[in-house]
Structure formats: C-alpha cells, structure tokens
Amino acid sequence: MSLHIANGMYGAVVIDPPDLPPVDQEYLLVQGEQYYGPAGAPGNADKIAARTPDAVVFNGYPNQYDRTPLTAKAGQRVRIWVLDAGPNESLAFHVVGAQFDSVWKEGGWLLRCGQAPGQASGACTKPGIGGSQTLDLLASQGGFVELSPPAAGHYSVVNHEMTLAERGAHGVLAVTG
C-alpha cells in the first residue's frame, strides 16, 4: 500500500465548511513523498520502509513553487488548503514572515479570524484575536489556513520539518504591493 501511495495514487477533495466566507486568493497544496527506484521500477519499497524519501513535494514536483510562486497582493485574504498525502512523513505547514489568523483542521476550527470561541461566523473584519504559525498534519490529514500578508515581498512556504523542506517541500508566496 505504501508504494502505491508514494507513486502518487492520491488526491484531494475540498469540502468547504458551512458559512465559509470568500477570500481573494485560494490555493491547494498536497504534500507527497517520492522514493525513486531503478529506471523503469515503480519506486523503492526499501526506502519507503526506511523512511528516506528522495523528494518531498507539493503537488507532485519538488521546488515548483520556487520557480512559479503562489501570488497575492499585500493585505489580501489568502486561504491555503493543505493535505498531507504521505505515505509516511508529517507536515508542519508554515509561511515564513506571516501569521495565520484562521486554522481549520480535520473538520473543525482551531482558530477563526476575529472571533472568540462560540461567536457567529462571518467574513474576517477584525483580525487579531489569536494567531498561529504552523498547521500540523500527520499523513492523510488535511485542513486550511488563512492569512493576510502584511507587505509586499517573498514569503517562504515550507514544511517546517526542515529536512523535508530541503527535499523539495517548499516554495514562495510572492506578494505585491
């Protein structure tokens, strides 16, 4: 089964929570691991068992969002859906230099922009009640984060398990003014 998953036999289905307000930009990142085998082979089961991926990627390709960044404008609301497809490694999703004001994980709010627990839903009009740096996901878990990048610049998007980021689970959110 793990070789099947490591070969990309997975996908994501997004089901918006009730009353989810619109955002300016929305992205979906699926983290997967790649375990290369000999030419023509479907992968390397021994590397999977040893948990030594050759690459850890967002949406199938290492480093693709360094070359083709995600984009937004300063102050825009950005929602990033994240799924850790595995088969083995966890994901500590982090955007360097920004803070998540909303976090949804496995079917429930962990943090909701501008709202204390139990408040009615609605668009984010008052950020600042709480904040998060990382969405932690085990293999097969998913959720989303929302943020409003404060200024123009290049914000690194990483798996904060840095050895996994160094294997390709990183990219850039390019924010213009």
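The values are calculated or read from the model by the stated rules, or taken from the named source; none is laboratory data. In this text the structure is predicted, and so the values were computed from the model without any measurement. All Cβ positions, even for glycine, are placed from backbone atoms using ideal geometry, and neighbour counts span all protein chains on display. Surface accessibility is based on the protein's heavy atoms, side chains included, excluding ligands, DNA and RNA. Shrake-Rupley method; radii C 1.70, N 1.55, O 1.52, S 1.80 Å.
Here region 100-115 is the region considered, the condition is being farther than 30 Å from I48 by Cβ and among the charged types (D, E, K, R), and the residue that is least open to solvent (accessible area, probe 1.4 Å) is D101. Counting the residues of region 19-59 that are open to solvent by less than 50 Å² (accessible area, probe 1.4 Å) and either out of contact with any strand residue (DSSP E or B) (no Cβ under 7 Å at 6 or more places or on another chain) or more than 14 Å from A85 (Cα to Cα) (or both) gives 10. Please indicate, with yes or no, whether at least one residue in region 70-89 is assigned to a loop (DSSP other than H, G, I, E, B), of a type outside the set (A, V, I, L, M, F, W, C) and touching a Gly at 6+ places or on another chain (Cβ under 8 Å). Checked against the condition, which is being assigned to a loop (DSSP other than H, G, I, E, B), of a type outside the set (A, V, I, L, M, F, W, C) and touching a Gly at 6+ places or on another chain (Cβ under 8 Å), region 70-89 yields no hits at all. Number of residues in region 24-49 that are outside any strand (DSSP E or B), acidic (D, E) and more than 30 Å from G75 (Cα to Cα) equals 1. Working only within region 70-99, note down all residues that are open to solvent by less than 20 Å² (accessible area, probe 1.4 Å), farther than 14 Å from S156 by Cα and in contact with a His (Cβ under 9 Å, 6 or more places away or on another chain). Scanning region 70-99 gives a single hit, L91.
Could you check how many residues of region 136-172 are closer than 27 Å to R51 by Cα, open to solvent by 20 Å² or more (accessible area, probe 1.4 Å), touching a residue at least 24 places away in the same chain (Cβ under 8 Å) and not in a loop (DSSP other than H, G, I, E, B)?
Residues flagged as closer than 27 Å to R51 by Cα, open to solvent by 20 Å² or more (accessible area, probe 1.4 Å), touching a residue at least 24 places away in the same chain (Cβ under 8 Å) and not in a loop (DSSP other than H, G, I, E, B) within region 136-172 amount to 4.
Scanning region 90-106 for residues that are more than 13 Å from the chain's Cα centre (by Cα) and either under 21 Å from E33 (Cα atoms) or not in a strand (DSSP E or B) (or both) turns up G97, A98, Q99, D101, E106.
Residue pairs whose Cβ atoms lie under 6 Å apart, sitting 6 or more positions apart in sequence or on different chains, and linking a residue in region 54-69 that is closer than 18 Å to M9 by Cβ to a partner that is of a type in the set (K, R) and open to solvent by 60 Å² or more (accessible area, probe 1.4 Å), are A55/R167; V56/R167.
Could you tell me which residue of region 1-23 is nearest to the chain's Cα centre (by Cα), considering only residues that are assigned to a loop (DSSP other than H, G, I, E, B) and over 28 Å from E146 (Cα atoms)? Filtering first and then ranking leaves N7.
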